[in-house]
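These notes are about the structure you will find just below.
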Amino acid sequence: PAPVSPGLMWLLQSEGGGSLRHTCEQSDGLSRYGWLMHDGESFGVQEIKDGELLLKTEFVKRPGGEHGGDWSWRVTARMEVRGWGGGAARVGRTAAAPSSRVSPAPLPPQGAAGPPPLLSLFFYIATDGQGTLEPHLENGTRLAAVTGTAEELGRFTLTFLRPTAESGEDPKYASYNYLDAASPGLQRLTEVVQSSLSNRFVFAPPGRGPRRRFFAVDAFRGLPGEPPRGRLLLHQVTLEPPGAVEVTFESGSAAGRPGRLAGRALSAALAQHAAAFEQRFEETFGLGRKGFPPPQRRFAQAALSDLLGGMGYFHGRSLVQSPLQERPVPAPEAALFTAVPSRSFFPRGFLWDEGFHQLLLARWDPALSREVIAHWLDLMNAEGWIPREQILGEEARARVPPEFLLQRSETANPPTLLLALQRLLPAAPPPYLRRLFPRLRAWYDWYNRTQAGPLPLTFRWRGRDPQPERFLNPKTLASGLDDYPRASHPSPEERHLDLRCWMALASRVLREVAERLGEPAGPYREMERALSDNGLLERLHWAPELGAFADYGNHSAAVGLRWQRVAPAVPGQPPPAPQLMREVREAPQPRFVGALGYVSLFPLLLQLLRPDSPRLPAVLAAMRSERQLWTPFGLRSLARDSPLYMQRNTQHDPPYWRGPVWVNINYLALRALHGYAGAKGPQRERAAELYRELRHNLVANLYRQYAESGFLWEHYSDSTGRGQGCRPFAGWSALVVLVMAEDY
């Protein structure tokens, strides 16, 4: 809850300062970064490309003692081409900087024969509410080590070794600077360092090269209005790349260590862990046996590793609005260990994303996956509700716009954790399931109680956007599919097909858990049977005019966005700017919603349709139709001939689930097609054919985009295949690993 946090910032020095890098930001414009190997426990290798600078960060943990043991970290830096990179958040004169600061000496122009630009690496350790730190200095400027104590770590020593050449053997000249400052909180460490930089320092290697000014930490005068929360100790190393720096953490309770995990010992440990990772990866996923060449296997390793490397521990309170209370209130303190969708853009837990993350992690490390699922279920309140977005603690809150902080207690999210739990069930220890079962039962009952639809055995997502005139189609954030077209006029009469299918899955999984534990399974079995009844499903959700399954509600197809003046002009003032507002040209009426897309596929995606269903041919035909859902890159989210295909939802909201290709739903489609291809039925061969084509298209495009851009993306263009949205998105896009392995 109040961790001692070590970390790294860096600055490629340039005329005017350069760009201080710390937290992953979309705006940094780094050409690529991510974990290439990560075992989720004791080893990882990450590469970061910042302009022409290539940074490699590697760590190894060595167990021992009572506090987790030791770890060592190596950061290697080199320039790919002689030249100098620029960047986004500039370091230079800031409001906190005294006016006497001068610019550094001009650098040679790009491509000129001169020394490489200077690189500063800022290694830090900070407390945040508990723990003590004691610096140990050499010559008054070099922070050689930090000794400390913390609740979770006991006594420890953090040692900053002197830099070496890239080979790791020969010493490397460097300048050293040191900062000891009060910390206002982890979320503001970048500001602390940025405001303490001065360029009065000179890099002067003995007997060679020009003397050069550079920016370094100097004095920190505090941030306005921020009481100290802890202490920050920072060690700045400034050198000419190439070079390497090692940091060792040694636990006070780890006795009898064979020697410091540094230098050759660290190199040997890294090599040993890398070989073990590659062997375990092949044993788990078998991509070599399937004939994938080494570049594609490395791509899959990076996808898994980036998901594991993005995992985090969060602690704090959600801000909750309940219908029973007038004002939002902070929820009780909660802790969450979870993966995240994107390190740069969504660095926090999302309920429906996490079920997809755990499908992959459950194959790699079932015990780790069980722990994450238990953490999520522990977030449940007394009613059985789990907030769909977890914004816990100031560090997480600092990354979220204020309008998205509030979690509404009537709003659900798809129970995808049950997909992962279903995968874990065969080998899950009974005591674990017994602890989970009361929470699973409460969660299931909450959905049935709060998300029930207008008719028996129907369901309706609560919490659609309450101001329909502002949206072409009011969003349904609860569904996870945000702007996917639903009934144009939200009403209690809506029947949502995808939620009904999720409840069928939930009934199936609850029945399986109850049977494993010898608990009464009858109610779950009956609900599963009722929600899987193909005849009833057709009566409630088959739209003959669409030739597909669909939602039902108060709907008008004749809607559009039009520029309108929404406020009267005030005399003597400029006229108010017009806004895009919804225009309804034909009154809504109760009907099926004329949108063919991902929601239409849910009876197939969750394998509720019988293999001999008379509706299965039409669903498969819509999937394979290029006029509808088929693309060379995967299934698009909304049919090309659908009225809202690629339509903006507001002036500021471009289409999101209205055309692009999303990996999580394509994974469910492949999983289902694989199942139908293996089941007796008239569509068996057709399902197998679609499966082979779709798998090839999805894998080929994700690999191609990764090779070109260096990233997995949030979603992909249905017309060009290009990655779109935020990146890196090694959340559910990492499911490509299971697709390659054909592991469903």
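Pick from the range 134-154 the residues that are open to solvent by less than 20 Å² (accessible area, probe 1.4 Å) and under 27 Å from residue 115 (Cα atoms): which of them is nearest to the chain's Cα centre (by Cα)?
Checking each candidate, the answer is 143.
Restricting to the range 405-440, and then to whatever is out of contact with any helix residue (DSSP H, G or I) (no Cβ under 7 Å at 6 or more places or on another chain) and charged (D, E, K, R), can you tell me which residue is farthest from residue 328 (Cα to Cα)?
435
Pairs needed: first member in the range 442-462, closer than 13 Å to residue 527 by Cβ and modelled with pLDDT of 95 or more; second member anywhere, β-branched (Val, Ile, Thr) and in a loop (DSSP other than H, G, I, E, B); C-beta distance under 9 Å; at least 6 residues apart or different chains.
452/458
Among (1) assigned to a loop (DSSP other than H, G, I, E, B); (2) at pLDDT 95 or above, where does residue 256 come up short?
Answer for residue 256: the failing condition is (2).
Is it the case that some residue within the range 322-334 is modelled with pLDDT of 95 or more, part of a strand (DSSP E or B) and not charged (D, E, K, R)?
Yes, the conditions are met somewhere in the range 322-334.
Look at the range 371-398 and say how many of its residues are part of a loop (DSSP other than H, G, I, E, B) and either of a type in the set (Phe, Trp, Tyr) or open to solvent by less than 70 Å² (accessible area, probe 1.4 Å) (or both). Even if it seems obvious, please write down each step before you answer.
So the first thing to find is which residues in the range 371-398 are part of a loop (DSSP other than H, G, I, E, B), and the list is 378-388, 391-393, 398.
Remaining after also requiring either of a type in the set (Phe, Trp, Tyr) or open to solvent by less than 70 Å² (accessible area, probe 1.4 Å) (or both): 379-381, 384-388, 391-393, 398.
Number satisfying all stated conditions: 12.
Based on this model, can you work out whether residue 129 counts as assigned to a loop (DSSP other than H, G, I, E, B) and free of Cβ contacts under 8 Å to residues at least 40 places away in the same chain? Reasoning before the result, please.
Values: assigned to a loop (DSSP other than H, G, I, E, B): yes; free of Cβ contacts under 8 Å to residues at least 40 places away in the same chain: no.
In short, no.
If a residue has to be modelled with pLDDT of 95 or more and open to solvent by 10 Å² or more (accessible area, probe 1.4 Å) to count, how many in the range 113-126 make the cut? Full working, then the answer.
Of the residues in the range 113-126, the ones modelled with pLDDT of 95 or more are 118-126.
Next cut, open to solvent by 10 Å² or more (accessible area, probe 1.4 Å) only: 124.
Residues in the range 113-126 being modelled with pLDDT of 95 or more and open to solvent by 10 Å² or more (accessible area, probe 1.4 Å): 1 in total.
Residue 110 fails exactly one of the following numbered conditions: (1) at pLDDT 95 or above; (2) open to solvent by 40 Å² or more (accessible area, probe 1.4 Å). What is the number of that condition?
(1)
Quick test for you: out of 721, 678, pick the one residue that is surrounded by fewer than 22 Cβ atoms within 10 Å (Cβ to Cβ), of a type outside the set (Lys, Arg), at pLDDT 95 or above and on the phi > 0 side of the Ramachandran plot. I'd like the intermediate steps shown before the answer.
Values: 678 fails: on the phi > 0 side of the Ramachandran plot.
Going through 721, 678 in turn, just one is surrounded by fewer than 22 Cβ atoms within 10 Å (Cβ to Cβ), of a type outside the set (Lys, Arg), at pLDDT 95 or above and on the phi > 0 side of the Ramachandran plot: 721.
Collect the residues in the range 259-296 that are within 19 Å of residue 43 (Cα to Cα) and among the small types (Gly, Ala, Ser), keeping them in residue-number order.
Answer for the range 259-296, where residues must be within 19 Å of residue 43 (Cα to Cα) and among the small types (Gly, Ala, Ser): 259, 262, 263, 265, 267, 268, 269, 271, 274, 275, 276.
Within the range 548-571, count every residue that is in a loop (DSSP other than H, G, I, E, B), of a type outside the set (A, V, I, L, M) and open to solvent by 30 Å² or more (accessible area, probe 1.4 Å). Outline the logic, then answer.
Here is the first cut: in the range 548-571, the residues in a loop (DSSP other than H, G, I, E, B) are 550-551, 556-558, 565-571.
Restricting the remaining residues to those that are of a type outside the set (A, V, I, L, M) gives 551, 556, 565, 568, 571.
Checking which are open to solvent by 30 Å² or more (accessible area, probe 1.4 Å) leaves us with 565, 568, 571.
Looking only at that region, the number is 3.
Return the pair list, or none, for Cβ contacts closer than 6 Å from residues in the range 468-483 that are at positive phi to residues that are not in a loop (DSSP other than H, G, I, E, B), at least 6 apart or on different chains.
From the range 468-483, the pairs are 480/352.
Which one of these does residue 287 not meet: (1) without any contact (Cβ under 8 Å) to a residue 40 or more places away in the chain; (2) outside any helix (DSSP H, G or I)?
(1)
In the range 343-364, how many are closer than 24 Å to residue 1 by Cβ and not aliphatic (A, V, I, L, M)?
Restricting attention to the range 343-364, the residues satisfying the condition of being closer than 24 Å to residue 1 by Cβ are 343, 346-351, 353-354, 357-358, 361.
Going one step further and asking which of them are not aliphatic (A, V, I, L, M), we end up with 343, 346-350, 353-354, 357-358.
Residues in the range 343-364 being closer than 24 Å to residue 1 by Cβ and not aliphatic (A, V, I, L, M): 10 in total.
From the list 526, 469, which residue is open to solvent by 40 Å² or more (accessible area, probe 1.4 Å), part of a helix (DSSP H, G or I), farther than 26 Å from residue 584 by Cα and of a type outside the set (Ser, Thr, Tyr)? Don't jump to the end; show me each part of the working.
Numbers: 469 fails: farther than 26 Å from residue 584 by Cα.
Step by step, each of 526, 469 is checked, and only 526 is open to solvent by 40 Å² or more (accessible area, probe 1.4 Å), part of a helix (DSSP H, G or I), farther than 26 Å from residue 584 by Cα and of a type outside the set (Ser, Thr, Tyr).
Among the listed residues 644, 629, which satisfies the condition of being touching a residue at least 24 places away in the same chain (Cβ under 8 Å), open to solvent by less than 10 Å² (accessible area, probe 1.4 Å) and part of a loop (DSSP other than H, G, I, E, B)?
Working: 644 fails: open to solvent by less than 10 Å² (accessible area, probe 1.4 Å).
On inspection, the qualifying residue turns out to be 629.
Could you tell me whether any residue of the range 480-497 is in a helix (DSSP H, G or I) and farther than 24 Å from residue 590 by Cβ?
Quick first cut of the range 480-497, residues in a helix (DSSP H, G or I) only: 497.
Next, from what is left, pick out any that are farther than 24 Å from residue 590 by Cβ: none.
Checked the range 480-497: no residue is in a helix (DSSP H, G or I) and farther than 24 Å from residue 590 by Cβ.
Collect the residues in the range 683-716 that are of a type in the set (S, T, N, Q) and in a helix (DSSP H, G or I), keeping them in residue-number order. I'd like the intermediate steps shown before the answer.
Going residue by residue through the range 683-716, those that are of a type in the set (S, T, N, Q) are 683, 697, 701, 705, 709.
Listed by number, the residues that qualify are 697, 701, 705, 709.
Scan 239, 223, 197, 233 and give me the residue that is more than 30 Å from residue 269 (Cβ to Cβ) and modelled with pLDDT of 90 or more. Before you say what the answer is, go through the steps one by one.
Numbers: 239 fails: more than 30 Å from residue 269 (Cβ to Cβ); 223 fails: modelled with pLDDT of 90 or more; 233 fails: more than 30 Å from residue 269 (Cβ to Cβ).
Of the residues listed, the single one that is more than 30 Å from residue 269 (Cβ to Cβ) and modelled with pLDDT of 90 or more is 197.
I'd like the full set of residues that are of a type in the set (A, V, I, L, M) and either crowded, with 21+ Cβ neighbours inside 10 Å or modelled with pLDDT of 95 or more (or both), limited to the range 206-220. Spell out how you get there, then give the answer.
We begin by selecting, within the range 206-220, every residue of a type in the set (A, V, I, L, M); these are 216-217, 219.
Within the range 206-220, 216, 217 qualify.
I'm checking my understanding of the structure. Among residues of the range 438-463 that are over 18 Å from residue 350 (Cα atoms) and in a loop (DSSP other than H, G, I, E, B), which one is most open to solvent (accessible area, probe 1.4 Å)?
456
Count, please, the residues in the range 6-46 that happen to be in a strand (DSSP E or B) and either modelled with pLDDT under 95 or open to solvent by 40 Å² or more (accessible area, probe 1.4 Å) (or both).
Residues flagged as in a strand (DSSP E or B) and either modelled with pLDDT under 95 or open to solvent by 40 Å² or more (accessible area, probe 1.4 Å) (or both) within the range 6-46 amount to 4.
Anything in the range 583-608 that is in a strand (DSSP E or B) and open to solvent by 30 Å² or more (accessible area, probe 1.4 Å)? List them, or say none. Spell out the reasoning first.
From the range 583-608, those in a strand (DSSP E or B) are 583-584, 589-592, 597; that's our starting set.
583, 584, 589, 590, 591, 592, listed by residue number.
Checking residue 398 against (1) modelled with pLDDT under 95; (2) among the small types (Gly, Ala, Ser); (3) closer than 27 Å to residue 496 by Cβ, only one condition comes out false. Which one?
Exception for residue 398: condition (3).
Looking at the structure I just gave you, is residue 355 closer than 22 Å to residue 429 by Cα, open to solvent by less than 20 Å² (accessible area, probe 1.4 Å), out of contact with any strand residue (DSSP E or B) (no Cβ under 6 Å at 6 or more places or on another chain) and at pLDDT 95 or above?
Working: closer than 22 Å to residue 429 by Cα: yes; open to solvent by less than 20 Å² (accessible area, probe 1.4 Å): yes; out of contact with any strand residue (DSSP E or B) (no Cβ under 6 Å at 6 or more places or on another chain): yes; at pLDDT 95 or above: yes.
Yes.
Only one of 328, 347, 295, 258 is surrounded by fewer than 13 Cβ atoms within 10 Å (Cβ to Cβ), in contact (Cβ under 8 Å) with a residue 12 or more places away in the chain and of a type outside the set (Lys, Arg). Can you tell me which? Spell out the reasoning first.
Details: 328 fails: surrounded by fewer than 13 Cβ atoms within 10 Å (Cβ to Cβ); 347 fails: surrounded by fewer than 13 Cβ atoms within 10 Å (Cβ to Cβ); 258 fails: in contact (Cβ under 8 Å) with a residue 12 or more places away in the chain.
One residue alone meets the criteria, 295.
For the range 155-205, name all the residues that are open to solvent by less than 40 Å² (accessible area, probe 1.4 Å), in a strand (DSSP E or B) and of a type outside the set (Ser, Thr, Tyr).
156, 158, 160, 177, 179, 181, 197, 199, 201, 203
If you go through the range 299-319, how many residues are of a type in the set (D, E, K, R) and farther than 30 Å from residue 288 by Cβ? Outline the logic, then answer.
Initially, the range 299-319 is screened for residues of a type in the set (D, E, K, R), giving 306, 317.
Keeping just the survivors that are farther than 30 Å from residue 288 by Cβ gives 317.
Residues in the range 299-319 being of a type in the set (D, E, K, R) and farther than 30 Å from residue 288 by Cβ: 1 in total.
If only one of 228, 210 is farther than 17 Å from residue 17 by Cα, touching a strand residue (DSSP E or B) at 6+ places or on another chain (Cβ under 6 Å) and either part of a loop (DSSP other than H, G, I, E, B) or free of Cβ contacts under 8 Å to residues at least 24 places away in the same chain (or both), which one is it? Before you say what the answer is, go through the steps one by one.
Values: 210 fails: touching a strand residue (DSSP E or B) at 6+ places or on another chain (Cβ under 6 Å).
Checking each option against the conditions leaves just 228.
The values are calculated or read from the model by the stated rules, or taken from the named source; none is laboratory data. Bear in mind the structure is a predicted one, so any value in this text is a computation, not a measurement. Glycine gets a Cβ as well: all are built from the backbone with ideal geometry, and neighbour counts include every protein chain shown. For accessibility, only protein heavy atoms count, side chains too; no ligands or nucleic acids. Shrake-Rupley method; radii C 1.70, N 1.55, O 1.52, S 1.80 Å.
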